[in-house]
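*Asks:* Below you will find the structure I want to go over with you.
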Amino acid sequence: MNTGLSVQTQPGQPVVDFVREFDAAAAAVYAAHADPDRYARWSAPGDHETRIVKWDHRSGGSYRFAHTDGSAEYLFRGAIHTARPNELIIQTFEWEGSPDDVSLDILRFEDLPGGRSRIVGRGVFSSLQNMQAMFEDGMTGGMESGYRKLDALLAEG
C-alpha cells in the first residue's frame, strides 16, 4: 500500500500541511503518539534515540523529550491543548535550541477502509523564517524517517 508522506506549504504563509497513511487502525497510530514508551521507539530521526523527560499526554498536559545521537542532545517541549483519543491532538512544539519559535501542531487521526488510517496534520509556525529554518534543518526527512520507524512498530502489533 502507498503510505508516503505528502508535505505542502502555502506561499508566504508559515503553515505546513501534511498527510501520511498507515497500515494500521487510527487507534494504534494515536496510541503510538500518546504512549511515551511507544513514542520513544519511533520519533527520533535517523539513528538518533529519544529519551522521555516528562510526559503528561492529556488535554492540559505537557511533554519534554530529547533526541540524542551519542554526541549531542536536542531537547523539545510543548503543551498539549487537546488530546482526544484516536481522533485529535492539538499541541505546541518548541525546540529548546531556538526558544520562542513555537509551532502549533494539529494532528487528526482518520480510519480508512481495510484497517488502515491516515494522519492529516497542520503546523502553524511563529514566523515564515522559523518554518523555513525547520525545513532547512531537515524536518521533512526527519518526519519520513520517523514514520518509517512507526510503520515497523505498528507491524509488530
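*Asks:* So in region 86-99, with the set limited to residues that are part of a strand (DSSP E or B) and among the polar types (S, T, N, Q), which one is farthest from Tyr74 (Cα to Cα)?
*Replies:* Pass one, region 86-99, residues part of a strand (DSSP E or B): 88-95.
Narrowing the set further to residues that are among the polar types (S, T, N, Q) leaves 91-92.
Working: Gln91: 19, Thr92: 17 Å.
Per the stated criteria, the residue is Gln91.
*Asks:* A follow-up question, please. Of everything in region 100-150 that's part of a strand (DSSP E or B) and among the aliphatic types (A, V, I, L, M), which residue is farthest from Val19 (Cα to Cα)?
*Replies:* Going residue by residue through region 100-150, those that are part of a strand (DSSP E or B) are 102-112, 116-124.
Filter once more, so that each one left must be among the aliphatic types (A, V, I, L, M): 102, 104, 106-107, 112, 119-120, 124.
On the way: Val102: 21, Leu104: 16, Ile106: 12, Leu107: 10, Leu112: 13, Ile119: 6, Val120: 5, Val124: 15 Å.
Per the stated criteria, the residue is Val102.
*Asks:* Within region 53-80, track down each residue that is closer than 14 Å to Pro36 by Cβ and assigned to a loop (DSSP other than H, G, I, E, B).
*Replies:* Selection gives Asp56, His57, Arg58, Gly61.
*Asks:* If you don't mind, another one. Which residue out of Glu49, Glu21 is under 17 Å from Arg148 (Cα atoms), surrounded by 16 or more Cβ atoms within 10 Å (Cβ to Cβ) and among the acidic types (Asp, Glu)? Full working, then the answer.
*Replies:* Details: Glu49 fails: surrounded by 16 or more Cβ atoms within 10 Å (Cβ to Cβ).
Only one candidate qualifies: Glu21.
*Asks:* Hey, among Ala32, Ala44, Ala83, which residue is surrounded by 15 or more Cβ atoms within 10 Å (Cβ to Cβ), in contact (Cβ under 8 Å) with a residue 40 or more places away in the chain, part of a strand (DSSP E or B) and small (Gly, Ala, Ser)? Spell out how you get there, then give the answer.
*Replies:* Working: Ala32 fails: part of a strand (DSSP E or B); Ala44 fails: part of a strand (DSSP E or B).
Being surrounded by 15 or more Cβ atoms within 10 Å (Cβ to Cβ), in contact (Cβ under 8 Å) with a residue 40 or more places away in the chain, part of a strand (DSSP E or B) and small (Gly, Ala, Ser) holds for just one of Ala32, Ala44, Ala83, which is Ala83.
*Asks:* Moving to a separate point now. Checking the conditions here, which among Ala44, Ala79, Ala72 is farther than 28 Å from Arg116 by Cα and touching a Ser or Thr at 6+ places or on another chain (Cβ under 8 Å)? Walk me through how you get there before you give the answer.
*Replies:* On the way: Ala44 fails: farther than 28 Å from Arg116 by Cα; Ala72 fails: touching a Ser or Thr at 6+ places or on another chain (Cβ under 8 Å).
Answer to the selection: Ala79.
*Asks:* Is one or more of the residues making up region 32-41 of a type outside the set (Phe, Trp, Tyr) and modelled with pLDDT under 95? Show your work before the answer.
*Replies:* Initial filter on region 32-41 (of a type outside the set (Phe, Trp, Tyr)): 32-38, 40-41.
Now drop any that are not modelled with pLDDT under 95, which leaves none.
Checked against the condition, which is being of a type outside the set (Phe, Trp, Tyr) and modelled with pLDDT under 95, region 32-41 yields no hits at all.
*Asks:* Now, a different point. Condition test on Ser126, is it surrounded by 14 or more Cβ atoms within 10 Å (Cβ to Cβ), in contact with a Phe, Trp or Tyr (Cβ under 6 Å, 6 or more places away or on another chain) and among the hydroxyl-bearing types (Ser, Thr, Tyr)? Break it down stepwise before answering.
*Replies:* Working: surrounded by 14 or more Cβ atoms within 10 Å (Cβ to Cβ): yes; in contact with a Phe, Trp or Tyr (Cβ under 6 Å, 6 or more places away or on another chain): no; among the hydroxyl-bearing types (Ser, Thr, Tyr): yes.
Judged against the criteria, Ser126 is not a match.
*Asks:* Tell me the residue from Ile90, Ile119 that is buried (at least 17 other Cβ atoms within 10 Å of the Cβ), without any contact (Cβ under 8 Å) to a residue 24 or more places away in the chain and either aromatic (Phe, Trp, Tyr) or under 20 Å from Gln10 (Cβ atoms) (or both), please. If you could, list the steps in order and put the result at the bottom.
*Replies:* On the way: Ile119 fails: without any contact (Cβ under 8 Å) to a residue 24 or more places away in the chain.
Of the residues listed, the single one that is buried (at least 17 other Cβ atoms within 10 Å of the Cβ), without any contact (Cβ under 8 Å) to a residue 24 or more places away in the chain and either aromatic (Phe, Trp, Tyr) or under 20 Å from Gln10 (Cβ atoms) (or both) is Ile90.
*Asks:* Can you list residue pairs whose Cβ atoms sit under 7 Å apart, with the first residue in region 97-113 being aliphatic (A, V, I, L, M) and the second being in a loop (DSSP other than H, G, I, E, B)? Count only pairs 6 or more apart in sequence or on different chains.
*Replies:* Matching pairs, first to second residue: Val102/Ser126.
*Asks:* Applying the selection to region 27-76, what residues are more than 14 Å from the chain's Cα centre (by Cα), closer than 21 Å to Met139 by Cα and hydrophobic (A, V, I, L, M, F, W, C)? Give the steps one after another, and end with the answer.
*Replies:* Restricting attention to region 27-76, the residues satisfying the condition of being more than 14 Å from the chain's Cα centre (by Cα) are 27-28, 37, 46-49, 51-56, 58-62, 68-75.
After this cut, where a residue has to be closer than 21 Å to Met139 by Cα as well, the list is 46-49, 51-52, 68-75.
If the condition is that a residue be more than 14 Å from the chain's Cα centre (by Cα), closer than 21 Å to Met139 by Cα and hydrophobic (A, V, I, L, M, F, W, C), then Ile52, Ala72, Leu75 are the ones that fit.
The values are calculated or read from the model by the stated rules, or taken from the named source; none is laboratory data. This one's a predicted model, so the numbers in the text were calculated from it and none came from an experiment. Cβ: placed from backbone, ideal geometry, glycine included. Neighbour counts: every protein chain shown.
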